[in-house]
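Working notes, beginning with the structure itself.
The values are calculated or read from the model by the stated rules, or taken from the named source; none is laboratory data. From a predicted model like this one, the values you see are computed outputs, not experimental measurements. Backbone-built Cβ (ideal geometry, glycine too); neighbour counts: all protein chains shown.
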Amino acid sequence: MAPLIARVLAIALNTYREAVRARLLLGVFGVALATCAYSLLVATLSLHNEVRVVADLGAASMSLYGVLIAVVLGSTSLYRELEYRTIFPILSRPIRRWEYLLGKYFGTMLTVATFLAVDTAAVLAMVALETGQPVWKVAGVGALSIAVLGVVSWRARYSRVYVVVPWAVVLAVAFWLIAAPAPEERRLVLASVILATCEVAVVTAVTTLCSSFTSPFLTAIFTLGIFLLGRSADTLAHLPPRVFGGGVVRFFRGLSHVVPNLHAFVPARTLLLGHVAAQPVWPYVGISALYAACYATVLLALASFVFRYRDFA
């Protein structure tokens, strides 16, 4: 078991190291920070709902950008290995194809999770500002964390890329504590980022399956199509027969049971705030995480089966 974990971990860390150097990832990160800043501007247009606007915009942006990164990285990572022929010396070693595919999946997930942790910290920082926390306090924590990251990265020259992972988690925890004056909104942000991670896990598994047998362009198209169907699963399951006809309704109802129900990862605001007595927020998050794990496992098993018989010639 230990050699198996070591092989998968090696592929995952190498995938993460390549992904964080991508310019597109830095561009999306810049857009995410700009969205957080823009949420402060939008909040000024609301009437005594500034904190709510910032939290809602931040939660929505985390889900959107997380899925976007997962689609781009998942559709190009494996193809890049095939294009540059770097996959052949890897598979010539004692490593199975499904181990290699699993490592690529976990590497992509580690990249997106790190991005979501930093984005969560930025959203919580905006929430803290809207709750009346001093600007010097929020800016001081951010500046101190960046300084610590710079020092640790300078000291750890050969592992500086991986230092960002624990640093992102610590940064999110620090701003979680600073946003204490808004307990409901920070609960919403925390639940949203966990559900966004679960959604990304399913989307990344879909991307991994598609990339195991087709090109990056078709992988992105198929994944985006399944993403849109998954977000509309509840709607497809309840189409009115009088409008669309019995055959169309039965087809889409069956389709809604096949595609992943991604709408479950974007529940109503009242549920995330814990205002729905029949459905407590944390049990709901736990059930959603279990659903995502089961669905991703099935997709990865199917992807491993397909990739096992793929001809690289």
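So the values come out like this:
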| read-out | value |
| --- | --- |
| Identity of the residue in region 7-62, closer than 30 Å to Trp98 by Cβ and outside any helix (DSSP H, G or I), that ends up nearest to the chain's Cα centre (by Cα) | Val20 |
| Residues located in region 211-225, provided they are modelled with pLDDT of 90 or more and of a type in the set (A, V, I, L, M, F, W, C) | Ile221, Phe222, Leu224 |
| Any chance Arg52 is among the basic types (Lys, Arg) and more than 24 Å from Val161 (Cα to Cα) | yes |
| Flag for Pro260 being modelled with pLDDT of 85 or more, in a loop (DSSP other than H, G, I, E, B) and either of a type in the set (Asp, Glu) or out of contact with any Leu (no Cβ under 8 Å at 6 or more places or on another chain) (or both) | yes |
| Among the candidates Ala12, Ala22, Ala43, residue that is in contact with a Gly (Cβ under 6 Å, 6 or more places away or on another chain), of a type in the set (Gly, Ala, Ser) and in contact (Cβ under 8 Å) with a residue 40 or more places away in the chain | Ala12 |
| Candidates Ala182, Ala205, Ala147 - the one that is over 19 Å from Ala32 (Cβ atoms), crowded, with 21+ Cβ neighbours inside 10 Å and over 20 Å from the mean Cα position of the chain (by Cα) | Ala182 |
| Any chance Val170 is surrounded by 16 or more Cβ atoms within 10 Å (Cβ to Cβ) and either modelled with pLDDT of 90 or more or part of a loop (DSSP other than H, G, I, E, B) (or both) | no |
| Candidate set from region 215-236 (those that are free of Cβ contacts under 8 Å to residues at least 60 places away in the same chain and crowded, with 16+ Cβ neighbours inside 10 Å); member that is farthest from Ala296 (Cα to Cα) | Leu236 |
